[in-house]
1. What translational D, rounded to a whole number of µm²/s, comes out for the chain from Stokes-Einstein when the hydrodynamic radius is the Kirkwood one over Cα pairs, at 20 °C and 1.002 mPa s?
2. By counting other Cβ atoms within 10 Å of each Cβ, how are 102, 73 ranked from fewest to most?
3. Take residue 94 and residue 47, extend 7 Å from each Cα along the Cα→Cβ direction, and tell me the distance between the two endpoints in nm.
4. Using the 10 angstrom Cβ neighbour count as an exposure proxy, how do 115, 68, 29 rank, fewest first?
5. Between residue 55 and residue 12, what length comes free when the chain is fully extended (0.36 nm per residue of separation minus the Cα-Cα distance, one decimal in nm)?
6. Can you give the calculated 222 nm mean residue ellipticity of the chain, where each DSSP H run of n ≥ 4 adds -39,500 (n - 2.57) and the sum is split over every residue, rounded to the nearest 500 deg cm²/dmol?
7. Once fully extended, how much extra length lies between residue 62 and residue 80, figured as 0.36 nm per residue of separation less the alpha-carbon to alpha-carbon distance?
8. By count of other Cβ within 10 Å, fewest leading, how are 61, 49 ordered?
């Protein structure tokens, strides 16, 4: 299950540098799968669609920091717990119920992002 940032976010930015997948972006900033990963070329997303890893995508949120679910591995293979949640001063980094993934699936996603 990916992590999401709720609208209680105070935009402190503590979470962004902690993410080993560069899945966290400031509100209003475009994102790409290649940002902070070793992904090159086309990549299949959670919904089965395919995109070029360098494609710039519209921000998921314009007001607060956000997490790209296709890049979030809940820090599996890196840390014992999601680092964004560990450092968030207002506890707004929570599991995203829309993206149910097993530990094995999260580790496979990590391997795709960091070859």
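No lab work stands behind these numbers, since they all come straight from the coordinates. Keep in mind it's a predicted model, so treat the numbers as computed, not measured. Every residue, glycine as well, gets a Cβ built from its backbone with ideal geometry; the counts of neighbours run over all protein chains shown.
1. Values: Rh = 14.1 Å.
For these conditions, the coefficient is 152 µm²/s.
2. Working: 102 10, 73 27.
Sorted ascending by nearby Cβ count, the order is 102, 73.
3. 2.3
4. If I rank by nearby Cβ atoms, fewest first, I get 115, 29, 68.
5. Full extension from residue 55 to residue 12 adds 12.8 nm.
6. So the helix-based figure for the chain works out to -3500 deg cm²/dmol.
7. 3.5 nm
8. Starting with the residue having the fewest Cβ neighbours, the order is 49, 61.
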